[in-house]
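Below is one structure, written out as C-alpha cells; comments come after it.
The values are calculated or read from the model by the stated rules, or taken from the named source; none is laboratory data. In this text the structure is predicted, and so the values were computed from the model without any measurement. Counting neighbours? That spans all protein chains shown, and the Cβs are built from the backbone with ideal geometry, glycine included.
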Amino acid sequence: MLPIPIEFLMGLPLLLSFLILYNKGKTPVRILILLQIVSILSQLLVGRQSNYQSFTTILNILFVNLNIFLIVVPWSLPKFNNIFLENPKKFLFFKKILYKFLFIHILLNTIIFVIVVYFIPDISSFKAARSFHDLYEQIPGFSTVFRYSYVTQQLGYLAIPICFYHLGKYEIKKSITALIYSCSSLIAGFAFYSRAQIFTFALVFIVYFFIVKKTLPLTLQKRVYLGLKKISIILISLFIFITVVRFSAMDYYGDRIPKDSIIKDPIVYSLFDYASQGYSNGINQLENYSEKKNLKGEQFFREIYQILDFFDILDWSVDDSQYRIDEAYGYNGGAFNAYASDLVFNFGYILALLISFSYYLFIRFRFKNKLEISLEKMYILILLLMIPIVSIFYAGYGILYFPLLFLLGINFLYFIKIR
C-alpha cells in the first residue's frame, strides 16, 4: 500500500483541471468543482484508499475521473438574464396541479416524520437496521404512504424554478408560496433521516440561485443571498445534529476508524467518511465488476418497478431486488459507491460512458450561450442539476423518473384539456 492513496494520485489531473476551470468558470460550476475536490481530499483525512494497486486500478480511476468531468464541466453556464413563459395558461394549469400534489406531500412527510420520531427515535436503528419495516405491520396503510412519499420525494424541486420566476417579477407572496411547497422535498429528507437528501436540496437551491441571480431585481439579489446564508447555517446545524444523534448512539462505530485516519473522533470522522467514501468505494467495486454482476438497471428502475407492482402490472419484489443488488456489490450495496460505479454496475462500461457523454452534450447544447430561457426548460435544468451534486454519493438518474413522468403527465392532461 502506498502512504498516499493511488486514487488520490491519479485524481490529481482531475483536480488540476478542475482548478483551472474554477479560475475561469462561473459560480455554479465552481461550487460543483469544490464539492468534488472536498470529496477527493477528504480521503486523506480518514485514511481511505483503494484495496488494489494494479493497472486495472489505474484504468478504473481514469474512467471514474472522465465521468465526473463530463457531468461537472458543462455547468459553466451563463447567468440567465430573463426567464419567460412560453404558455401562461399552461403554467397556471401546471402550478395548480403541482401545488395540490406538494400540499399532500408536505402533509404526508410531516406525518411520517412524527411517526418515525415517536416510534423509532434511534436514527441508527432506522437507517442501519431498517426498523421502519416494523411499522408496516403496526400502522395500517403506513407502508403505502411511506413508499409513495419515498418515490415522489423529489417532486418539490419543480417548485424551485417557480419560486425564482415569481421573485424575478417581484411577486413576493407567490414566491414564498412556491418556496414553501418546494420544501416538501426538504421535509422528506428529515422524514427519512436522509442527510444526503437534506444536503442535496440545500446545494441545488444555492447553485440554482447563482444560475438565475441576474433575473432578479438588484434589491432582491442581496436579500436572497443573505437569506441563503442564514438558512444554510440552520440546515448545517440540523445536519450536524442528525449526525451527532445518529453516531453518538453507535459506540462500535469508533472501531471502524482506520489506523491511518488523521481524524479519530467518531462523529467528526463520520462527516468526512460520508463525503469521501463514494470515490474509493466505487473504485474498489469496479475492481470486482464482471458482466455477471450487471444489474441491467435494477437500481435505476426500482421506483418504476415499484409503481408497476403496486398497480399489479408487474410482479416485482423489493426484497428480491435488494438481494440482487447486495449480491452484485458484495453485500456492500448500502454504502456510497459514487456516480461511475453505480452506472457501470447497472449498464456496463460502454453504456455508462455514453450516458455521461449524452448528459454533457445535452447540458452544453441545450442551455449553453442562452441569456433567456423559458420556465418550462428550467424544470428540466434543475432536475439535471441534481446529478453532479449527488454524484459523490451515487448516480442519481433514478430519482428523476417521477418528476419527469409528472411533467409528461401534466403536458398530456393540458393537451387533452385544450382539445
Filtering region 125-166 down to residues that are modelled with pLDDT of 65 or more, part of a helix (DSSP H, G or I) and either of a type in the set (Ser, Thr, Tyr) or at positive phi (or both) yields Tyr136, Ser143, Thr144, Tyr148, Ser149, Tyr150, Tyr157, Tyr165
Residue count, region 41-93, condition part of a loop (DSSP other than H, G, I, E, B) and either more than 24 Å from the chain's Cα centre (by Cα) or buried (at least 17 other Cβ atoms within 10 Å of the Cβ) (or both), comes to 15
Result of the Cβ filter at 8 Å on region 272-284, keeping first residues that are under 20 Å from Leu62 (Cα atoms) and in the same structural domain as Leu44 (by TED's automatic domain parsing) and partners that are acidic (Asp, Glu) and surrounded by 22 or more Cβ atoms within 10 Å (Cβ to Cβ), at least 6 apart or interchain, is Tyr279/Glu7; Ser280/Glu7; Gly282/Asp342; Ile283/Glu7
Those residues of region 152-177 which are under 14 Å from Val224 (Cβ atoms), surrounded by 24 or more Cβ atoms within 10 Å (Cβ to Cβ) and among the aliphatic types (A, V, I, L, M) amount to Ile160, Leu167
The residue that is surrounded by the most Cβ atoms within 10 Å (Cβ to Cβ), considering only those in region 286-300 that are of a type in the set (D, E, K, R) and part of a loop (DSSP other than H, G, I, E, B), is Glu298
Has region 189-203 got any residue that is more than 23 Å from Gln36 (Cα to Cα), under 20 Å from the mean Cα position of the chain (by Cα) and among the small types (Gly, Ala, Ser)? yes
In region 362-409, anything within 17 Å of Val212 (Cα to Cα) and among the aromatic types (Phe, Trp, Tyr) is listed as Phe367, Tyr379
Within region 112-122, the residues that are surrounded by 15 or more Cβ atoms within 10 Å (Cβ to Cβ) and among the β-branched types (Val, Ile, Thr) are Ile112, Ile115, Val116, Ile120
Just one listed residue, out of Ile234, Ile240, is of a type in the set (Val, Ile, Thr), out of contact with any helix residue (DSSP H, G or I) (no Cβ under 9 Å at 6 or more places or on another chain) and either part of a helix (DSSP H, G or I) or outside the structural domain of Val117 (by TED's automatic domain parsing) (or both), and it is Ile234
